[in-house]
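For reference, the structure discussed in these notes is given below.
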Amino acid sequence: MAIFELEIGDSDIQRVLDAVAGNYHRPELVENPDYIVALGEDGGEIFPVDENGDPIPQNIENPETKGSFTHRMVREFLSGHVQSWEIKQAKIAAAESLNTGVEIADPNS
């Protein structure tokens, strides 16, 4: 498998990560999978707490780093372009191989 590399200047790396995260709307916070609201016997909501009885936050810091997010977006970008190009080429080849001629005549002439 080939390796495709990019070199980004040390002074620019944070700018690149911030730009990709911003342009692709990476959230800083995500829903906490441990935040599960239960219903009490009286029908009221019971909010989750940890083992110390402290409230569990509804949102947590995004566990996917900006670096990992950027790598994933670049992979998706490249994959999307390959898919788009190959579909376009397949459509062109399919259209070129079709016999779209049709014989139509006026039977009364």
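The values are calculated or read from the model by the stated rules, or taken from the named source; none is laboratory data. Everything numeric in this text was worked out from a predicted model, so none of it was measured. Every residue, glycine among them, receives a Cβ derived from its backbone with ideal geometry; neighbour counts consider all protein chains shown.
Quick grid of which residues meet (1) loosely packed, with under 11 Cβ neighbours inside 10 Å; (2) basic (Lys, Arg); (3) in contact with a strand residue (DSSP E or B) (Cβ under 9 Å, 6 or more places away or on another chain); (4) assigned to a helix (DSSP H, G or I):
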{"position": "36", "(1), (2), (3), (4)": "yes, no, no, no"}
{"position": "60", "(1), (2), (3), (4)": "no, no, yes, no"}
{"position": "79", "(1), (2), (3), (4)": "yes, no, no, yes"}
{"position": "84", "(1), (2), (3), (4)": "yes, no, no, yes"}
{"position": "88", "(1), (2), (3), (4)": "yes, yes, no, yes"}
{"position": "93", "(1), (2), (3), (4)": "yes, no, no, yes"}
{"position": "96", "(1), (2), (3), (4)": "yes, no, no, yes"}
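Within segment 37-84, if we keep just the residues that are touching a Phe, Trp or Tyr at 6+ places or on another chain (Cβ under 7 Å) and of a type in the set (Val, Ile, Thr), the residue that is modelled with the lowest pLDDT turns out to be 37.
A count restricted to segment 52-109 and to residues that are over 30 Å from residue 34 (Cβ atoms) and of a type outside the set (S, T, N, Q) stands at 25.
Considering segment 38-58, the residues that are over 28 Å from residue 18 (Cβ atoms) and surrounded by 10 or more Cβ atoms within 10 Å (Cβ to Cβ) include one that is nearest to the chain's Cα centre (by Cα), namely 56.
Please verify whether segment 63-73 includes one or more residues that are under 22 Å from the mean Cα position of the chain (by Cα), in a helix (DSSP H, G or I) and of a type in the set (Lys, Arg). Yes, segment 63-73 contains a residue that is under 22 Å from the mean Cα position of the chain (by Cα), in a helix (DSSP H, G or I) and of a type in the set (Lys, Arg).
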